[in-house]
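Structure first, then comments.
The values are calculated or read from the model by the stated rules, or taken from the named source; none is laboratory data. Being a predicted model, the structure only gives us computed values, none of them experimental. Don't worry about glycine lacking a Cβ; one is built from the backbone with ideal geometry, like all the others, and counts go over all protein chains shown.
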Amino acid sequence: MTFAENLKGWCNTDTGPYRRPFTPNSEWESATVLIVGTNPATPLRDEFESFDQYWQGLTESPEIFNERYTTAHQGGTSKSTSNANQLLKLLEPLNVLVTNVVWFPVSSKKEIPKSEWEFGQTALTELIRHVRPKVVFCHGADAEAFGKSLDPAVDRYLPPKDQVNSPWISPLVLAYHHFSGQGLRRGAEFKPQRDFPVFAKAIHGHGRT
């Protein structure tokens, strides 16, 4: 079986929400940048006619997914999503794949089953091996912990300018605070408007090497 076939099988759950390996991207296999968070928050299953329709929306026709996601989400844009969109805008026109350490969608991190933590990290590792991105950008403590499996020196408290390594290192692993601004240690600053442009410049340079 191909990796794409395995990936599809992993996400087709028997009950509950379908696993979500990334946000809709019809060119996911050629992404040069991965943005890694903790987990998707909006469970989806009955919103789609079938798993095949769900999968088509994720990997071929994002408009199918986005229409149903918007209906199910029933809310405004969160601080985390707003900041993610800000970084994504700065990274255009690079092909960015937005993923998570855990692919099981729940609204609260406390609801994530232990087995999904274990599965997610293994699956994410396989996704990275397949896609072979040039940059992996981790935000939040859980994503940073995963990032350390790729580069033990990763530290989300280091200023962006101090995280840019040799252009020959691939993938370049970067880390930042969770896009919600939560979980910072005392005295730390959360200033994405200041820090994102620095990260974006480095990612653009590395993503084209």
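Overview of results
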| item | result |
| --- | --- |
| Residues within the stretch 173-209 that are among the acidic types (Asp, Glu) and at pLDDT below 95, tallied | 1 |
| Residues that are part of a helix (DSSP H, G or I) and touching a Lys or Arg at 6+ places or on another chain (Cβ under 9 Å), drawn from the stretch 4-35 | Trp10, Cys11 |
| Selection count, the stretch 117-138, where residues are acidic (Asp, Glu) and either closer than 19 Å to Gly183 by Cα or in contact (Cβ under 8 Å) with a residue 40 or more places away in the chain (or both) | 1 |
| Residue ID - farthest from His73 (Cα to Cα), chosen from residues in the stretch 30-41 that are surrounded by 17 or more Cβ atoms within 10 Å (Cβ to Cβ) and not aliphatic (A, V, I, L, M) | Thr32 |
| Given (1) surrounded by 18 or more Cβ atoms within 10 Å (Cβ to Cβ); (2) β-branched (Val, Ile, Thr); (3) under 20 Å from Phe199 (Cβ atoms); (4) within 12 Å of the chain's Cα centre (by Cα), index of the condition Thr81 fails | (1) |
| Hits in the stretch 65-78 (condition: in contact with a Leu (Cβ under 9 Å, 6 or more places away or on another chain) and either among the acidic types (Asp, Glu) or modelled with pLDDT of 95 or more (or both)) | Phe65 |
| Any hit, the stretch 110-123, residues being more than 19 Å from Val33 (Cα to Cα), out of contact with any strand residue (DSSP E or B) (no Cβ under 9 Å at 6 or more places or on another chain) and among the aliphatic types (A, V, I, L, M) | yes |
| Unique residue being of a type in the set (S, T, N, Q), surrounded by fewer than 20 Cβ atoms within 10 Å (Cβ to Cβ) and touching a residue at least 40 places away in the same chain (Cβ under 8 Å) when the list is Ser149, Ser107 | Ser107 |
| Candidate set: the stretch 152-199, residues that are of a type in the set (Gly, Ala, Ser) and over 20 Å from Val131 (Cβ atoms); chosen: the one surrounded by the fewest Cβ atoms within 10 Å (Cβ to Cβ) | Gly187 |
| Qualifying residue in the stretch 79-87 (condition: in a helix (DSSP H, G or I), closer than 21 Å to Val173 by Cα, modelled with pLDDT of 95 or more and in contact with a helix residue (DSSP H, G or I) (Cβ under 9 Å, 6 or more places away or on another chain)) | yes |
| Residue check, Leu94 modelled with pLDDT of 95 or more, part of a loop (DSSP other than H, G, I, E, B) and among the aliphatic types (A, V, I, L, M) | yes |
| Conditions (1) surrounded by fewer than 14 Cβ atoms within 10 Å (Cβ to Cβ); (2) touching a residue at least 24 places away in the same chain (Cβ under 8 Å): number failed by Ala141 | (1) |
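Conditions tested, residue by residue: (1) closer than 18 Å to Val102 by Cβ; (2) in a loop (DSSP other than H, G, I, E, B).
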residue: Leu127; (1), (2): yes, no
residue: Gly147; (1), (2): yes, no
residue: Asp155; (1), (2): no, yes
residue: Leu158; (1), (2): no, yes
residue: Phe179; (1), (2): yes, yes
residue: Gln182; (1), (2): yes, yes
residue: Arg186; (1), (2): no, yes
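Residue by residue, here is whether (1) under 18 Å from the mean Cα position of the chain (by Cα); (2) β-branched (Val, Ile, Thr); (3) within 18 Å of Ala143 (Cα to Cα); (4) surrounded by 16 or more Cβ atoms within 10 Å (Cβ to Cβ) holds:
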{"residue": "Ala4", "(1), (2), (3), (4)": "yes, no, no, no"}
{"residue": "Arg20", "(1), (2), (3), (4)": "yes, no, yes, yes"}
{"residue": "Thr23", "(1), (2), (3), (4)": "yes, yes, yes, yes"}
{"residue": "Arg68", "(1), (2), (3), (4)": "no, no, no, yes"}
{"residue": "Thr71", "(1), (2), (3), (4)": "no, yes, no, no"}
{"residue": "Leu88", "(1), (2), (3), (4)": "yes, no, yes, yes"}
